[in-house]
1. Exceeding 24 Å between C-alpha atoms, which entries from my cross-link table qualify? They are 30/60; 20/45; 30/65.
2. Which aspartates and glutamates, on any chain, are close to residue 31 with Cα under 18 Å apart, when same-chain ones fewer than 8 places away are left out?
3. Computed FRET efficiency, Cβ-Cβ of residue 20 and residue 48, R0 41 Å: what is it to the nearest 0.05?
4. Extending each Cα 7 Å along its Cβ direction at residue 91 and residue 27, get the distance between those two points in nm, one decimal.
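A short reminder: the numbers here are calculations on the coordinates, not readings from a lab. Only a predicted model underlies this, so the values are computations on that prediction, with no experimental measurement involved. Here the Cβ positions follow ideal geometry from the backbone for every residue, glycine too, while neighbour counts run over all protein chains shown.
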Amino acid sequence: GFQLMDDYLDAFGSAELVGKQTGGDILSGKKTIMMIHASKLEGEKLNKLLTNSELTDNQKIEEVKAIFVQTGADQYLKQKAGTYFNDASKIVSDLAVNADNKTAIPCYTCEIYRPKRTSHCTSCQNCV
């Protein structure tokens with residue numbers, strides 16, 4: 001889940017939030033889950049776009065992000081990440097550990113890797 005959210009934030013996060021310029025994965029052609037998902041539906045369009053020397057890097061990033069949204073690749077990533085986070089939370093809740101220590105792990109994850117008020121787990125009130 002962490003890597004998926006890192007990939008999402010690289011595309012859709014702000015430079016201030018991520019701590020680096022966004023869109024690097026797009027420009028480098030990294031095979032993120034969003035790129036793979038979108039390529040299944042719009043592979044030729046993505047290839048032409050990324051190899052178009054007439055577009056600026058920012059134009060390429062914005063157009064690829066639009067394709068991610070159009071193909072549902074962004075939502076697909078969020079669904080997969082949510083599943084992984086929920087599975088991890090279930091594993092943690094099943095551990096034979098003090099209850100206070102169990103809730104700290106998923107809440108820490110929510111606090112760092114998810115913007116406030118998005119939903120992906122039922123372990124804390126921060127992300128619901």
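1. The pairs that break the limit, which is 24 Å between Cα atoms, are 20/45.
2. Qualifying aspartates and glutamates at Cα under 18 Å: 6, 7, 10, 42, 44, 57, 62, 63, 74.
3. Working: r = 27 Å, r/R0 = 0.66.
The pair residue 20/residue 48 has a calculated efficiency of 0.90.
4. Result: 3.5 nm between the two label points.
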